[in-house]
Amino acid sequence: MVQPPLPYYCYDDPFPAEWLRCPRFSKEQGIGEGAAAESWRLSEALWLKQESSESGRIRRAAKMLPYFDPEYENFNQRINPPRVCIDNATCSDCTLVKVDSMNKNGILLEVLQVLSDLDLHIFKAYITSDGGWFMDVFHVVDKQGQKITDDKTIKYIEKALGPESNLLGAKGSNSPGRSVGLHSIGDHTAIELKGPDRTGLLSEIFAVLADLQCNVLAAEVWTHRMRVACVVYVNDVATGGAIDDPGRVSRIETRLRHVLRGYGSGAGEDTHANFAVGSATPHHHVDRRLHQLMHADVDADGGAPAAVVAGCGGEGGDRPVVTVEHCEEKSYSVVNVKCRDRSKLLFDIVCTLTDMHYVVFHAAVSSEANYGIQELYIRRKDGKTLLKDEAERVIRCLEAAISRRVSEGFTLELCGRDRVGLLSDVTRVLREHGLTVARADVTTAGGQATNVFYVRNPSGQPVDMKTIEGLRGRVGQTVMLSAKSVPATVAKPVPETAGSGGSLARASFFSFGNLFAKLRA
């Protein structure tokens, strides 16, 4: 008589060896007669006796959970992998990047990171992620305002967002991103700094690192509202490797904290210094990390009053206009943004909302007369709309995030052979000429350094060309110096009307609000 077997997840141990040797034994058919069958019955009786105790009931509750194949979580990804289409035929003036995928929390930000790392300007986009599916269409151009025709760039997008990517993976995207400003800088130590800004601070930071025999491989620096945040990647001058000695790391941290506090400042000044070594360094996207470092300062200074933000802009009409409304019919909070259009604008907005634990379900992005207009339908992670105090905080944080990357004045690009102390010398010259560094982007590759500084006059006056020529005379002997005025917006020629080739008119702006109104009608 064949007995039905107990589920195999009921047993503490694997099946006894004599069962496996029995020719009539199988998990599906159970055990027939003989010594193996008797052993099975005795084991079953002992198991039932153990399960009658309190501890047995607890163990049974834990062990009787349904069994799930670990590969089941990736099943949908295998049958529905992410798809990306690079379309250069539909529109004559831009490239369409279409992304379809199973939905995942944070997937929109990962897609935007890939596009922003390539310095692609998104001037129009349609985003939707209802029903467990993620579908986006981005209208993009390169830095020169042209369509994407470079094969390497196209293949990179297809690899970073297509079936071969880890876009749906639990650990995030596998794209290299801008974790260090380069694809690889070897063994290094990452240093994060945040504190009050002042004229000459960047020069002092680089001077301290040079004095402590630290070679700067890459760095990104932001300043906003008299605060500074930077991520610096260094290695040891003598060994060329990461600085992992605890005593030396402590000395570097002490010196840098002293510089951040400033001379005569109190010990309680809000400063931040964090170190991560080599392969242990988290692969944070550097732009996102800088947003996070400066995000806490928004609540500290309180931002601008909501009445001012909801008005018609600030000085010169360039102040971002951010409002939050509620779509009761669809249980969304609607964030409307209008500001001067620029590169990475959508990334900065979505990055801030994601780090504030809000989910973007729909969005429509467009540009009109050099102004970016964005309409984002968001909810909290628990599926609820924003409360009144949350809406005011979202307005403050988005306004700050938009303004952080805005630069005025001149951009100085210095290219030359890298050496220890180069940044210290260059930033010292900038300070001696009375220039303040608003942003900086430092990279090295193959022994060549490329340093970009966004500089301005501390008094707010335009930078004098005589000052620029003085800089060229001081640093032009060792490096190439290129200076140009920072453009107010991203130039993108667009025809006024739609042509036969499917060209887009900027005046046509799709609104999800209008769509919902039509559906209700």
Out of the residues in the range 131-171 that are of a type in the set (Ser, Thr, Tyr) and open to solvent by less than 90 Å² (accessible area, probe 1.4 Å), state the one that is farthest from the chain's Cα centre (by Cα). Thr153
Just one of the numbered conditions (1) at pLDDT below 85; (2) in contact with a Pro (Cβ under 6 Å, 6 or more places away or on another chain); (3) of a type outside the set (Lys, Arg) is not true of Ala491; which one? (2)
With respect to the numbered conditions (1) touching a Cys at 6+ places or on another chain (Cβ under 8 Å); (2) in a helix (DSSP H, G or I); (3) modelled with pLDDT of 75 or more, which one is the sole condition not fulfilled by Val350? (1)
Based on what the data block shows, is Ile378 of a type in the set (Val, Ile, Thr), in a strand (DSSP E or B) and free of Cβ contacts under 8 Å to residues at least 60 places away in the same chain? yes
Can you pull out every residue in the range 234-264 that is under 16 Å from Val216 (Cα atoms), open to solvent by 50 Å² or more (accessible area, probe 1.4 Å) and touching a residue at least 60 places away in the same chain (Cβ under 8 Å)? Val237
When the range 465-481 is checked residue by residue, the ones that are open to solvent by 30 Å² or more (accessible area, probe 1.4 Å) and over 10 Å from Phe410 (Cβ atoms) are Lys466, Glu469, Arg472, Gly473, Arg474, Gly476, Gln477, Thr478, Met480
Val429 meets each of (1) touching a strand residue (DSSP E or B) at 6+ places or on another chain (Cβ under 9 Å); (2) open to solvent by less than 30 Å² (accessible area, probe 1.4 Å) with one exception, condition (1)
Limited to the range 353-375, what total is found for residues that are in a helix (DSSP H, G or I) and either of a type in the set (Asp, Glu) or open to solvent by 50 Å² or more (accessible area, probe 1.4 Å) (or both)? 1
Residue match in the range 310-332 (condition: under 21 Å from the mean Cα position of the chain (by Cα) and either at pLDDT 70 or above or farther than 27 Å from Thr385 by Cβ (or both)): no
Would you check if Ala438 is touching a Cys at 6+ places or on another chain (Cβ under 9 Å), open to solvent by less than 20 Å² (accessible area, probe 1.4 Å) and under 30 Å from Met356 (Cα atoms)? no
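Modelled with pLDDT under 95, open to solvent by less than 10 Å² (accessible area, probe 1.4 Å) and of a type in the set (Ser, Thr, Tyr): is that true of Ser92 in this structure?
no
The values are calculated or read from the model by the stated rules, or taken from the named source; none is laboratory data. Nothing here was measured: the structure is a model prediction, and the numbers come from that model. Note that each Cβ is placed from the backbone with ideal geometry, even for glycine, and that neighbours are counted across all protein chains shown. Note: accessible area is taken over every heavy atom of the protein model, side chains too, but ligands, DNA and RNA are not part of it. Shrake-Rupley method; radii C 1.70, N 1.55, O 1.52, S 1.80 Å.
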